[in-house]
Amino acid sequence: MPCNRGNKDEFTVVPDFAALACALQRRTILMSEQKILAPPRYAGRILNGPYSAGLKERLAELVAAFSAFDGTGVPGIPYISAWQHDGSIMWYEFAGREFIGLFGCTTEQLADLFREAVVNHRLFHRTEVEAGVREIARSSDELSSSRRGLRAEVAQRGSVEATYKISRGADAAPIWLKDRARVENFGADGIAISIGYLTDVTNEMAHKDLLEQIGYVDQLTGLPNRVIMRRSLELKIGEYERNHISDFVFLMLDIDHFKVVNDSFGHLAGDYVLATLAHVVSDVKRRSDEFGRYGGEEFYGLAVGDIAEGREFAERIRRRIEVTPFVFGEQLIPLTVSIGVASASETEELNEENLINAADRRLYRAKQYGRNQVVWETITLQGSRERQSRR
């Protein structure tokens, strides 16, 4: 730097701002070019990939912290997952030793194996304080079709609170893992990372499921009751409105002349018919379909698909019951059913009551048309035309 000398006792430094700026620029370039080294046994993608220094620095900090925590022996499973903002690919940047040991795999294999092992997924939404927590349950089939939308949803919300039922094969009992995580978004990289912690809640969920079964399962047929129906409808409507499914159908089924069965064969025979019908339909329906007891001799069905698929579902049920011999005390009980079908996409103001009422009106029409019928509509519920399938 140049200096200005006055007398021999004075020495004044004149800063060379151009030189200072050049030095700072060189230091910045060196720092930006400095490679962030991945820790030993690192199996992720970001630290060795074409991502920003900010993302790499943050991830390296997290991996170091989680590695130290994982070595303490504290019960629980820390993890760091990452996915692209378009939701197409998800992987793990860090997985605790217990997580890897649970599946007996490498970190690179973990995402695929974990996804395949999930047989039930329950996502919890915290709404207003008065509303508490809303639980959304999804089967493995439903989860696979909505996974991309779920990632976008949690990335936007910034947190995850979910519980997973994990299958470990035929020789091992399933376990439940509770997941709580915070999500950080790196828009310039198109990446979101989930910084989370899994805990084993198998005992708690077994107790919860037992309480639900006591209160929500029909004791005679073993089918879900009306309380579960309401809950399932709420979940399906939510999935439909979030575009996770394109359509779904609701069925109302009634046993034809059930009073005659009770009067002619006795109430024990009536109970036998109800319980046997439940088993017959359980054999007909798909794994993803739901079938339950609405009350008395009425049952309900719920399935993903449009009105045509709903009609096929209903027809499978109707035909199977028609040809099934119901024998009680060596007496053959002839049995048929009438079914009304309604779809979500037909309903202009979609809610539980409107969908139930639509299916119930069509069930009534099926009775009017001579019973042993399936009635559905091909236009909006406000229209008047109806279609029915006959024997």
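For Val201, the stated conditions do not hold, so it cannot be described as at pLDDT 90 or above and β-branched (Val, Ile, Thr).
The selection criterion, being aliphatic (A, V, I, L, M) and touching a residue at least 24 places away in the same chain (Cβ under 8 Å), does not hold for Val217.
Of Glu322, Glu330, Glu352, which residue is surrounded by fewer than 23 Cβ atoms within 10 Å (Cβ to Cβ), within 24 Å of Tyr240 (Cβ to Cβ) and charged (D, E, K, R)?
Details: Glu322 fails: within 24 Å of Tyr240 (Cβ to Cβ); Glu330 fails: within 24 Å of Tyr240 (Cβ to Cβ).
Just a single option satisfies the conditions, and that option is Glu352.
For the range 336-352, residues that are over 23 Å from His257 (Cα atoms), at pLDDT 95 or above and β-branched (Val, Ile, Thr) total 0. Annotation note: of Val260, Val249, the sole residue that is assigned to a helix (DSSP H, G or I), farther than 30 Å from Phe99 by Cα and at pLDDT 95 or above is Val260.
Return the residue satisfying two criteria in turn: it lies in the range 206-235 and is β-branched (Val, Ile, Thr) and at pLDDT below 85, and of such residues it is nearest to Ser288 (Cα to Cα). Steps first, please.
Of the residues in the range 206-235, the ones β-branched (Val, Ile, Thr) are 214, 217, 221, 227-228.
From what's left, at pLDDT below 85: 214, 217.
On the way: Ile214: 22, Val217: 18 Å.
Within the range 206-235, the match that is nearest to Ser288 (Cα to Cα) is Val217.
Could you tell me whether any residue of the range 179-197 is assigned by the TED database to the domain that holds Glu61, over 19 Å from Tyr92 (Cβ atoms), surrounded by 14 or more Cβ atoms within 10 Å (Cβ to Cβ) and out of contact with any helix residue (DSSP H, G or I) (no Cβ under 8 Å at 6 or more places or on another chain)?
Within the range 179-197, the subset assigned by the TED database to the domain that holds Glu61 is 179-197.
Still in the running and over 19 Å from Tyr92 (Cβ atoms): 187-188.
Among the residues that remain, those that are also surrounded by 14 or more Cβ atoms within 10 Å (Cβ to Cβ) are: none.
No, the range 179-197 contains no residue that is assigned by the TED database to the domain that holds Glu61, over 19 Å from Tyr92 (Cβ atoms), surrounded by 14 or more Cβ atoms within 10 Å (Cβ to Cβ) and out of contact with any helix residue (DSSP H, G or I) (no Cβ under 8 Å at 6 or more places or on another chain).
Of all residue pairs spaced 6 or more apart or on separate chains, those with beta-carbon atoms under 8 Å, a first member in the range 47-67 that is surrounded by 18 or more Cβ atoms within 10 Å (Cβ to Cβ) and a second member that is in a helix (DSSP H, G or I) are Leu47/Lys56; Leu47/Leu59; Leu47/Ala60; Leu47/Val63. For the range 161-182, a residue qualifies if it is under 15 Å from Gly104 (Cα atoms) and in a strand (DSSP E or B), and exactly one does: Ile166. So, of the residues in the range 227-254 that are over 21 Å from Ala314 (Cα atoms) and among the aliphatic types (A, V, I, L, M), which turns out to be surrounded by the fewest Cβ atoms within 10 Å (Cβ to Cβ)? Per the criteria, the residue is Val227.
Residues in the range 255-286 that are of a type in the set (Lys, Arg) and either in contact with a strand residue (DSSP E or B) (Cβ under 6 Å, 6 or more places away or on another chain) or surrounded by 14 or more Cβ atoms within 10 Å (Cβ to Cβ) (or both): Lys285 alone.
The values are calculated or read from the model by the stated rules, or taken from the named source; none is laboratory data. Since we're looking at a predicted model, the values are computed, not measured. Methodologically, a virtual Cβ is constructed for each residue, glycine included, from the backbone with ideal geometry; neighbour enumeration extends over all protein chains shown.
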